[in-house]
Amino acid sequence: MRMDKSIETTRQEFNSVRTGRASAALLDRITIDYYGTPTPLSNMATISVPEARLLSIQPYDATQIKAIEKAIQESDLGLTPSNDGRVIRLPIPQLTEERRKELVKVVRRYAEEGKIAIRNVRRDVMKHLEELVRNGEVGDDEERRAEAQVQKLTDDHVKRIDDLLKHKEAEIMEV
């Protein structure tokens, strides 16, 4: 169902937002221009978490180290990579209070985008219902019942996104 997809997309975006701990999911949104093709970092390197506050990136093609470092620096992660010629290390610094508040704003924006996607699905379904009524395929009572069901589904999905948001905000603000 399209509403479930919206929730899953929001959850993935939340995972790519940095908290105090290292997670390979942080780098999911990073793409590198690999010989003219935007390529996800996960397709170009092995990403591991050797310590709680350190990510290790080992490119399959060592000539791409500079491109990978540049993509990480230009991202909104706020991380500074260092390399030894073969492996890129990404230390995850402790978040400042100011940075935590910025990340909460980012997460709230992702949540709002998810809710908008869910409401767009509701709008499309309602429009389809109106067409069915106009064509005489569905009666008024059935339309009202269907609209109530769609609204309930919408409310449930929006609540699930709110719950995800609350959990992620708590995770970000946790010191």
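Quick notes
- About its Cα centre, segment 1-62 has a charge dipole of approximately 240 debye under the convention of +1 per Lys or Arg Cβ and -1 per Asp or Glu Cβ, with nothing else charged.
- Answer label for volume of the Cα convex hull per residue in Å³ (calculated), chosen among (i) 132; (ii) 115; (iii) 232: (i)
- Solvent-accessible area, 1.4 Å probe, carbon plus sulfur percent, for segment 23-175: 51 percent
- Take each peptide in 136-146, 30-40, 116-126, count the other Cβ atoms within 10 Å of every residue, and average; sorted highest first, the result is 116-126, 30-40, 136-146.
- Estimated dipole of segment 28-113 in Debye, rounded to 20 [Cβ of Lys and Arg +1, of Asp and Glu -1, Cα centre]: 180 debye
- Rounded to 10°, Cα long-axis angle of helix 65-74 versus longest principal axis of the chain: 50 degrees
- Rounded to the nearest 20, the Cβ-based charge dipole of the chain about its Cα centre (Lys and Arg +1, Asp and Glu -1) stands at 500 debye.
- Accessible area per residue for the chain is 60 Å², calculated with a 1.4 Å probe on protein heavy atoms, without ligands, DNA or RNA.
- Dipole of segment 1-86, positive end: most advanced residue of Ser82, Pro50, Gln64 [Cβ charges, Cα centre]: Pro50
- Pairs of lysine residues in the chain that meet both criteria, 8 or more places apart or on different chains and Cα atoms under 18 Å apart, total 14.
The values are calculated or read from the model by the stated rules, or taken from the named source; none is laboratory data. Everything numeric here is computed off the predicted structure, so don't read it as measured data. Cβ coordinates were reconstructed from backbone atoms using ideal geometry, including for glycine residues, and neighbour counts include every protein chain displayed. Accessible surface areas use protein heavy atoms only, side chains included; no ligands, DNA or RNA. Shrake-Rupley method; radii C 1.70, N 1.55, O 1.52, S 1.80 Å.
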